[in-house]
Amino acid sequence: MELSWINPKEYSFNSLLLLETFQIEWMFDEDSWLFNEPDWQEMMGIALNGNPHVKWYLMMRAPSRREQIETICQNAPNITDTQSIRKAEVYILTSIDDFITYTTPEIMDKVCDFIIGWDEQHLFDLVDLTNKRVLDVGAGNGRLTFSAAKVAKEVFASEPVGTLREFMRQKIKNENINNVKVVDGLITDLPYPDNTFDVVMSGHVMGDNLMAEIDELTRVCKNNGILINCPGDSKIDMVSSNELKENGWEEFHYVGSFGKDVYIHRKYINK
């Protein structure tokens, strides 16, 4: 997804060697909008044929997409000049600039609007985290995690991207934070038993498979616990979520630091 956080021309195509299996599977999913974008398959084929080590990595990391990758490469025009290959690389890097940004979380921490523009008081106004056991799902660089850790008893940061997990672990070490644990995990497959957390929170994560995601968040949340959806401020207007409201979430609105509409949500769990 093009978010314009970075200049893809400054990144090597080798950045794809840091992608996770779930990211590769999504990129080469025949039903995904990206896979069906005009010119995307041709440009990917040119770029991979010019970087066979990247092609090998993608197929090994996501064997379920081996056939799609092979077909794309076979169907691509025979391009060998360096300039044309680099043009294809930049096209692909731009098409997944969110994934590429995650490979350099120290840069992400400084350029992403929902990080640099956000005031943690919006989280604290939604929920009292004092002495609570908290799960942050899709924790990213730890925006919500480290704010919650200031008052919570313990915070578990679930994040499926390895570079982001290591960024958070380094921050924990550098700042001697003793109540945060970083773990791997997808929003639809969280590595915790039922009824584990007082508060389960996320931001910029829900939406690909909303009902399955809500079910999984609810599963790991205790009875009488709270679910929180707290995205950061954005340079574009967010929209109200009828789906969340229809499923029992309270919705709150504020105008963010960039002058754009932001919507955040809360749901009390009764099992």
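The values are calculated or read from the model by the stated rules, or taken from the named source; none is laboratory data. Every value quoted in this text rests on a predicted model; they were computed, and no experiment measured them. Reconstructed Cβ throughout: ideal geometry from the backbone, glycine too, with neighbour counts over all protein chains shown.
Anything in the range 157-194 that is surrounded by 15 or more Cβ atoms within 10 Å (Cβ to Cβ) and touching a Lys or Arg at 6+ places or on another chain (Cβ under 6 Å)? List them, or say none.
Glu159, Val182
In the range 18-74, which residue that is modelled with pLDDT of 95 or more and of a type in the set (Gly, Ala, Ser) is farthest from Thr101 (Cα to Cα)?
Applying the filter and picking the extreme gives Ser64.
Looking for something surrounded by fewer than 18 Cβ atoms within 10 Å (Cβ to Cβ), in a loop (DSSP other than H, G, I, E, B), touching a Phe, Trp or Tyr at 6+ places or on another chain (Cβ under 8 Å) and among the hydrophobic types (A, V, I, L, M, F, W, C) - is there at least one such residue anywhere in the range 26-40?
Looking for residues that are surrounded by fewer than 18 Cβ atoms within 10 Å (Cβ to Cβ), in a loop (DSSP other than H, G, I, E, B), touching a Phe, Trp or Tyr at 6+ places or on another chain (Cβ under 8 Å) and among the hydrophobic types (A, V, I, L, M, F, W, C), one finds at least one in the range 26-40, hence yes.
Just one of the numbered conditions (1) surrounded by 16 or more Cβ atoms within 10 Å (Cβ to Cβ); (2) assigned by TED's automatic domain parsing to the domain that holds Leu227 is not true of Asp109; which one?
(2)
Every residue in the range 251-271 that is out of contact with any strand residue (DSSP E or B) (no Cβ under 6 Å at 6 or more places or on another chain), of a type outside the set (Val, Ile, Thr) and free of Cβ contacts under 8 Å to residues at least 40 places away in the same chain, please.
Once the filter is applied, which keeps residues that are out of contact with any strand residue (DSSP E or B) (no Cβ under 6 Å at 6 or more places or on another chain), of a type outside the set (Val, Ile, Thr) and free of Cβ contacts under 8 Å to residues at least 40 places away in the same chain, the range 251-271 yields Gly259, Lys260, Asp261.
Determine, yes or no, whether Ile46 is in a helix (DSSP H, G or I), in contact with a Phe, Trp or Tyr (Cβ under 6 Å, 6 or more places away or on another chain), crowded, with 20+ Cβ neighbours inside 10 Å and not charged (D, E, K, R).
No; evaluated as a whole, the condition is false for this residue.
Please go through the range 220-256 and pick out each residue that is surrounded by fewer than 16 Cβ atoms within 10 Å (Cβ to Cβ) and in a helix (DSSP H, G or I).
Passing the criteria: Asn242, Glu243, Lys245, Glu246.
Only one of Lys150, Lys173, Lys132 is in contact with a strand residue (DSSP E or B) (Cβ under 8 Å, 6 or more places away or on another chain) and not aliphatic (A, V, I, L, M); which?
Result of the check over Lys150, Lys173, Lys132: Lys132.
Among the numbered criteria (1) within 13 Å of Ser202 (Cα to Cα); (2) touching a helix residue (DSSP H, G or I) at 6+ places or on another chain (Cβ under 7 Å); (3) not β-branched (Val, Ile, Thr), which single criterion is violated by Gly138?
(2)
Are any residues in the range 80-103 crowded, with 18+ Cβ neighbours inside 10 Å and not in a helix (DSSP H, G or I), and if so, which ones?
Ile96, Thr103
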